[in-house]
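The values are calculated or read from the model by the stated rules, or taken from the named source; none is laboratory data. Predicted model only: the values in this text are computed from it and were never measured. Cβ placement follows ideal geometry from the backbone for every residue including glycine, while neighbour counts extend to all protein chains displayed. Accessible surface is based on the protein model in full, side chains and every heavy atom, while ligands, DNA and RNA are left aside. Shrake-Rupley method; radii C 1.70, N 1.55, O 1.52, S 1.80 Å.
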Amino acid sequence: MTSPFRHGLTPKMRPISPKRSAIMCVLDIGTSKIVCMIVRLRPREGTDILPNRTHKAEILGIGHTRARGMKAGAIADMAKAEAAIRQAVDAAERMAEVQVDRVIVTVSAGRIGSEQYEARVTCPSPRVEEQDLHRVLQAASDHSVRQGRAVLHSMPIGFRLDDTRGIKDPRGMLGSSLGVDMHVVTCDAATARNLMLCIERCHLTVEALVAAPFAAGLAVLTDDEAELGTVCLDMGAGTTTLSVFAGGHFVHADAVAVGSHHVTMDLARGLSTRLSDAERIKVLNGACFAAKSDERDIVNVPSISEDERDIPNSVSRAQIIRIIRPRVDEILEMVRDRLVAAGSAAEVGRRLVLTGGGAQLPGLADLAAQVFGRQVRVARPVGITGLPDSAKGPPFAAAVGLTVYPQIAGAEHFEPQRRFLAATGTDGYFTRVGRWIRDSF
C-alpha cells in the first residue's frame, strides 16, 4: 500500500460539524503518565464564554496510569508502553460504559519544530476563486515535506492579495496575485511511526496526531491571550514544550528534552535516595526560592538501601531548594534561548502561561517572570465539565486540549492527503494506515 509518510503526513481528522454532537476519545501519552478521556461534544450556544469553541465538552470516562516504557515522551519499550495504554483506555471505557476504536493522540517527542513557508500564485481571473485558494495552499504545503520528518500541523496564518497583507479569507475579493503564510509543525517520522504502531497494537486507530504544545495552548489560553500574543509553556516530566499564539493563530512550537523528572533525578543523586522518595520530597518540600526559615526546617531523607536499620539522613529544606533551583534555571533559560533564536514570530506579546505537572512547583511563576521578563500565570484547563478533582490541575492540560482540537481541525490544510481519503467499502484511509504499520513492522 501507499504510505502516508511518503508525503510526510500524519493521519488527520475531519472537523466536527458545529451543529452535531459526537463522542471522542483522546489519549495523552507522556513520560510520567498516560491519560485517556472519553468525552461527549455538544453544540455550544453562541452566548457562552470561549466563543471560538463550537462545542461543550463533557467527560464521560477518564483513566490515567503511570507511564511505562516511555523516555522523554517517546516509545522506549513497546510492550510496557502498550500495557500502560491498554490500562488507561480500559479504565476510561469502564467509567464511560463505551467501547472506543479511534483516538486522538498527543506527540511531545521527536524534536518538535516549527517552520514558516510563503507561497504566491497568479490569479487567472480578477476575482479570487476557490481553486486559487487551493493552488496557493498546495504550493505552500509542497515546500513543507522533508525527508525523515512528519508533518503534524499545516496552518495558514494569513493571506496576501497583491500588496495587502493580513487577509483572513480572500475568496471573492479582487486581485491579481494571491499569497499565503503557512505555519508547519513537524516531528521525526520514526517517532510518529512507533507511537502509531504501539497504539495500533492496542487495537485502536489513530484518528489524528496533535503536537502536545498546541494541545496545551488550546486548553489553557483565553481567546484574548491567543489574539494579543502569548507563550504557553508546558513543563512535563521528560519534555518541556512551548507554543506561541498571536492574532488568534498558532504560530510557533518547540520542545526541549528536559523536564521535571530531571529535577527528581538531581534530588535522588544529591540526597542519595530512591527516585520515589525524591519525587515525594520534591512535591512536599520543593520550591524555587528559599526563605530564612527553610534553613531550620529539617526534612528526613530515607536511605537508598533496602536495609530498614539504616538511619534516614536529615537535610534542611533550603538544601533541597539549592539542588532544585539550578535545574529549573536551566530549563527556563533553554526555553528562553529557543524563543530568541526563533526570531520575531516567537517574540510576540508580553505574557507567559505555565502549565503541565512541573508548573506546580512553588515559586516557578516568579522565577519565570525574572528569566523571561514577561507577565506569568500558572494555568489549568478550562471549558470542560465532569473532570474529577484529581484531573483539574495543570498536569492534564494537554489531554483536555485534545478535546478542543476536533472543533478547530478545519483550520488545517492537508491537500495532498485527499488521495488517501477516498475509500471503497471498509478499505478507507485509516484502515490502510493501520495495515501499512503492521506490514512495515
Worksheet item: Starting at 0 and stepping by 10 Å, how many percent of the alpha carbon pairs of the range 155-244 end up in each bin?
Response: 13, 30, 30, 20, 7, 1
Discussion item. Within the chain, which whole H helices from DSSP have a Cα span along their axis of at least 30 Å and a mean Kyte-Doolittle hydropathy of -0.5 or more, if any?
Written reply: 317-342
Worksheet entry | Which of His413, His249 is most accessible, then next, and so on - probe 1.4 Å | His249, His413
Item to complete: Could I have the simple spin-label model distance between Thr164 and Arg269, label points 7 Å from Cα toward Cβ, reported in nm to one decimal?
Response: 5.9 nm
Worksheet entry | Nearest-20 debye value, the chain charge dipole, Cβ charges on Lys, Arg, Asp, Glu | 460 debye
Fill in: Cys187 - accessible surface, heavy atoms, 1.4 Å probe, Å² rounded to 10
0 Å²
Worksheet, complete the sentence: With the chain reduced to its Cα atoms and the Debye formula applied, log10 I(q)/I(0) at q = 0.06, 0.08, 0.13 1/Å amounts to -0.27, -0.48, -1.19
Worksheet item: In the range 160-271, carbon and sulfur make up what percent of the accessible area (probe 1.4 Å)?
Response: 51 percent
Worksheet item: How many Å² of accessible area per residue for the chain, probe 1.4 Å?
Response: 45 Å²
Item to complete: Tell me the label-point distance for the pair Lys19, Gln375, using the 7 Å Cα-to-Cβ offset, in nm and rounded to one decimal.
Response: 4.0 nm
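Can you tally the net charge around Glu58? Count Lys and Arg as +1, Asp and Glu as -1, for every other residue whose Cβ sits under 9 Å from the Cβ of Glu58.
Numbers: positive: Arg40, Arg42, Lys56; negative: none.
In short, +3.
Sorted by accessible area (1.4 Å probe), largest first, how do Lys292, Lys80, Lys12 line up?
Numbers: Lys292 180, Lys80 115, Lys12 20 Å².
Descending accessible area places them as Lys292, Lys80, Lys12.
Please quote Rg/Rh for the range 277-321 to two decimal places, taking the Kirkwood radius as Rh and restricting both calculations to Cα atoms. All intermediate terms of the calculation are to be shown ahead of the outcome.
Values: Rg = 11.4 Å, Rh = 11.2 Å.
The Rg/Rh ratio comes out at 1.02.
Longest span of the chain, sites excluded, free of GluC sites (Glu not before Pro) in DSSP loop with at most 12 other C-beta atoms within 10 Å?
Working: sites that count: Glu45, Glu97, Glu306, Glu308.
The answer is 98-305.
Quick check on the chain: of the DSSP beta bridges with both residues there, what percent are antiparallel, nearest 5%? Show your work: numbers first, answer last.
On the way: 64 of 83 bridges.
Approximately 75 percent, going by the DSSP bridge assignments.
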Discussion item. List the residues, sorted by chain then number, that are 5 or more residues from Val378 or on another chain and whose placed amide H is less than 5 Å from its amide H.
Written reply: Leu354
Practice prompt. Leaving ligands, DNA and RNA out of it, work out the accessible area of Arg171 with a 1.4 Å probe and give it in Å² to the nearest 10.
Written response: 110 Å²
Worksheet item: If amide H atoms are built 1.01 Å from N in the plane of the peptide, which residues on other chains or at least 5 residues away come under 5 Å of the amide H of Gly158?
Response: Asp181
Worksheet, complete the sentence: One point scatterer per Cα, no solvent, Debye formula: log10 I(q)/I(0) for the range 79-121 at q = 0.17, 0.23, 0.30, 0.32 Å⁻¹ comes out as -0.67, -0.93, -1.12, -1.15
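Using the beta-carbon distance between Gln138 and Val340 and R0 = 25 Å, what value does 1/(1 + (r/R0)^6) give for FRET efficiency, to the nearest 0.05? Mind dumping the intermediate values first?
On the way: r = 33 Å, r/R0 = 1.32.
Working from the Cβ atoms, E equals 0.15.
Taking Cα pairs under 8 Å and at least six residues apart, what relative contact order does the chain come out at, in percent? Walk me through the numbers on the way to the answer.
On the way: 985 pairs, mean separation 84.0, N = 441.
Result for the chain is 19 percent.
Quick check: with the 1.4 Å probe, what order do Ile157, Ile62, Ile304 take by accessible area, largest first? Could you put the intermediate results ahead of the total?
Numbers: Ile157 45, Ile62 20, Ile304 95 Å².
Of Ile157, Ile62, Ile304, the descending order of accessible area is Ile304, Ile157, Ile62.
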Worksheet, complete the sentence: In Å, the C-alpha Rg and Dmax of the range 8-153 are 19.8, 59
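Nearest 500 deg cm²/dmol is fine: what mean residue ellipticity at 222 nm does the chain get from its DSSP H runs of n ≥ 4 alone, each adding -39,500 (n - 2.57), divided by its residue count? Intermediate results must be reported in sequence, preceding the final value.
Values: 12 runs with 145 residues, N = 441.
Result for the chain: -10000 deg cm²/dmol, rounded to the nearest 500.
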Discussion item. Once ligands and nucleic acids are excluded and a 1.4 Å probe is used, how much of Leu284 is accessible, expressed in Å² to the nearest 10?
Written reply: 120 Å²
